1. Within region 103-149, work out how many residues are of a type outside the set (D, E, K, R), in a loop (DSSP other than H, G, I, E, B) and either farther than 22 Å from Thr214 by Cβ or under 20 Å from the mean Cα position of the chain (by Cα) (or both).
2. Output yes when any residue across region 53-70 is over 19 Å from Gln120 (Cβ atoms), without any contact (Cβ under 8 Å) to a residue 24 or more places away in the chain and acidic (Asp, Glu), and no when none is.
Amino acid sequence: MLKIGMIGCGAIGKEHMRRFQYLIPQSEVVACADYFVEAAKKASELYGVAKVYETGEELIQAAEVEAVVITSSDDSHAKYVLEAVKLGKQVFCEKPLAITAADCEAIMAEEQKHNKKLVQVGFMRRYDPGYAEIKRVIDSGELGAPLMIHACHRNVAQGPGFKTEMGITNVAIHELDICRWLLGAEYKNAQVLKVKQSSCSEGYDNPQIVLLETEDGGRIDVEVQVADGYGYDIQCQVVCEKGTLNLPDPMSVVKRAAATCSTELLTDWADRFIEAYDIELADWVEKVINGGPAGPSSWDGYAACVAADVLNRSRGTGSFLPVKMIDKPELYK
């Protein structure tokens, strides 16, 4: 039984807590914490968590906590991950691993002192059956080498305080991970373009076009639309030498009525990737119990962070900018 402490008791935090308590038999949430202590207390009552801590730092230090799950605000991730890694505790951190590449590098440096992987980043799309099958076919060589990816990430709307840069660091961060995973190559150059703007935008760029080039010459384009006004729509097509691979849409009944033919669209990321989250967290618990995580590592979090930073710096320049990373440490090879 893996005894987990959870930092962050908001929407995704409560969903993960439910999974650990009721879906994954080898896990138990024994403690929780939130910047808003009342949120932690409510989650504790709802899911039977024994202990509520006032701060994430206190939770990390707690003797009963064997592993830490971080679902707090993006800008708080790095400090919690670093503190947990210093103690040699296993960590599952929702994306992004950190806001800056320097913070990612600090986490990796501390992790390497223990000479084992301690961190898994919540890039759940790798566990989605559709993406997993695309990866399997690419790796099989059946369609020859992958040449390019066309993708889009569309959300219905955004809440108050959303900024243009978050379209990359908080939304397209998933594409930044999944595309390099599918192609098996690191990024060489990156650029983000502002295109004709939607009336659904509210003070931020929408849509944006992300352009990426990998070190082996692969090309990627991603339409990022954070307020499309119609649904949560994730698309991905991989063009290979001998064919193409398309991500399937979520299963939906085709309805024929009143001279129309229609299918329903999802509006929430939690519904679209519910199976991926279930598989991801169950796999993390199993791997930690048996020696350590095998999913997206600190290096993967770092690679996505560097690419996101370059993309945001490229805005308005009209140019590709180089994606420069440190040499990959042996631990992550």
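1. Total satisfying the criteria: 4.
2. Checked against the condition, which is being over 19 Å from Gln120 (Cβ atoms), without any contact (Cβ under 8 Å) to a residue 24 or more places away in the chain and acidic (Asp, Glu), region 53-70 yields at least one hit.
Each value in this text was obtained by applying a stated rule to the coordinates, not by laboratory testing. Quick caveat: nothing in here was measured; it's all calculated off a predicted structure. All Cβ positions, glycine included, derive from the backbone under ideal geometry; neighbour counts span all protein chains shown.
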